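I have placed the structure first, in the form of structure tokens, so that the comments after it can refer back to it.
The values are calculated or read from the model by the stated rules, or taken from the named source; none is laboratory data. Keep in mind that what you see is a predicted model, and the values were worked out from it rather than measured. Don't worry about glycine lacking a Cβ; one is built from the backbone with ideal geometry, like all the others, and counts go over all protein chains shown.
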Amino acid sequence: METAVESVDAVVIGAGVVGLAVARLLAQRGLETLLLERAERIGSGVSSRSSEVIHAGLYYPPGSLKARACVQGRELLYDYCERRHVAFQRCGKLVVATEPAQVAGLQVLAAKAHSNGVDDLRWLDGAQARELEPELRCTAALLSPSTGIVDSHGLMLALLGDFEAAGGALALCSTVTALQRHAEGWQLQVEADGAEMALRAGIVINAAGLWAPGLTQRTDGLPPARLASAFYSKGSYFSLAGRAPFSRLIYPLPQDAWLGVHLSLDLGGQARFGPDAEWLEGIAGPEQLDYRVDPSRADAFYADVRRYWPGLPDGALQPAYSGVRPKIHGSDQPAPDFRVDGPAQHGLPGLVNLLGIESPGLTSSLSLAQQVLMHLALPL
């Protein structure tokens, strides 16, 4: 006789900002939804180690999911924060060319942004940029008024509140070790509080961030072409001792998929610089990641920052924190688009894998949640 197994309509794996956004929508559509998180609290992985920037959508290839989700997501996010009283500031940012040879690259970036639907950029020469930020050194700049900053923890608490108000349930310290196909949908093997249990659901959303690629490897019936391998790129941040003489975010011209060592602000006006990019080798899994910031990396930060802020004082940078980007490509490969793999991609009903959701994942979170519902043919 088969032992009774608890069943729910939907399970979302991972309580970062994207998992919370997805779980919220599923619960609000009337599905009995369980949100599983391996850590002791929500949003303690990738979502807690970002710049907390609301991106406008400048950088991403036109027509890509990253571009669409970012541009749509930023407006959804601003609207949500206003309605739910989540702290944010539409402070704007300057993307700067620090030498004449970079001006052409800035023009290419402006054209890409326009193709993505970013229609509020302003082109500034060096003098105009310094009128806005007197301490800035640049040849030219793009002003992006739609860029902002947000209290990411407050955002995640608001999403969790909506999810629970709609009847959803959160289970912390719960790790999904395998997904197996079942007549009623999916059976999940779960480790919780030192015990193992089975759980069934018609819908499963893999929003596990750094752990998402590994979970595809433990999913029964997933075609080899839809598996993912994990790669890790660490970004360190340094905070500024004292108050920064800037009221906007300052970004250098981006280098490939890396946006460069930029100056971002928190809602209290405190400045931080980063992230840099350090590809990690020999990491068997996310549990082996070391998030300590090497103080010696500050030397490169001083050189990078002084290209646009020559007045950065010696000794002003202090190690702050680091994050690791959930890459699904190696350092010698071009950066892929966000992957939202649903039944149309892998042929397995009820399953959606969210893979490679790095920046602008925070900005895109509400839009990506809508993408998941569309993959499942559920109403928005």
If you check every pair at least six apart or on different chains, which have Cβ atoms under 7 Å apart with a residue in region 108-135 that is under 24 Å from PRO310 (Cα atoms) first and a residue that is part of a helix (DSSP H, G or I) second? TRP123/ALA110
Given the conditions (1) closer than 20 Å to ASN206 by Cα; (2) touching a Ser or Thr at 6+ places or on another chain (Cβ under 6 Å), every one holds for HIS375 apart from (2)
If we take region 276-364, then strands (runs of 3 or more DSSP E) inside it with 2 or more residues that are within 19 Å of the chain's Cα centre (by Cα) and over 30 Å from ARG200 (Cα atoms) are 278-280, 317-327
Looking at ARG68, ARG90, ARG83, which one is more than 19 Å from the chain's Cα centre (by Cα), surrounded by fewer than 21 Cβ atoms within 10 Å (Cβ to Cβ) and modelled with pLDDT of 95 or more? ARG83
Mind checking which residues of region 84-106 are of a type outside the set (A, V, I, L, M, F, W, C) and in contact with a Leu (Cβ under 9 Å, 6 or more places away or on another chain)? ARG84, GLN89, GLY92, LYS93, THR98, GLN102, GLY105
For a quick check of your reading of the model, give me the residue pairs whose first member lies in region 272-284 and is touching a residue at least 12 places away in the same chain (Cβ under 8 Å), whose second is of a type in the set (Asp, Glu), with beta-carbon atoms closer than 9 Å and at least 6 apart or on different chains. ARG272/ASP266; PHE273/ASP304; ASP276/ASP304; GLU278/ASP294; LEU280/ASP290
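For every residue, the table says whether it meets (1) outside the structural domain of GLN189 (by TED's automatic domain parsing); (2) farther than 27 Å from LEU179 by Cβ; (3) out of contact with any Phe, Trp or Tyr (no Cβ under 6 Å at 6 or more places or on another chain); (4) β-branched (Val, Ile, Thr).
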residue: LEU36; (1), (2), (3), (4): no, no, yes, no
residue: LEU58; (1), (2), (3), (4): yes, yes, yes, no
residue: ALA69; (1), (2), (3), (4): yes, no, yes, no
residue: ALA104; (1), (2), (3), (4): yes, yes, yes, no
How about region 347-379: which of its residues are more than 23 Å from VAL8 (Cβ to Cβ) and among the β-branched types (Val, Ile, Thr)? ILE357, THR363
Could you tell me which numbered condition GLU99 fails, if it satisfies all but one of (1) of a type in the set (Asp, Glu); (2) free of Cβ contacts under 8 Å to residues at least 40 places away in the same chain; (3) farther than 26 Å from SER365 by Cβ? (2)
Out of GLU40, GLU6, which single residue is out of contact with any Lys or Arg (no Cβ under 6 Å at 6 or more places or on another chain), surrounded by fewer than 21 Cβ atoms within 10 Å (Cβ to Cβ) and modelled with pLDDT under 95? GLU6
Could you tell me whether GLY30 is in a loop (DSSP other than H, G, I, E, B) and not assigned by TED's automatic domain parsing to the domain that holds ALA129? yes
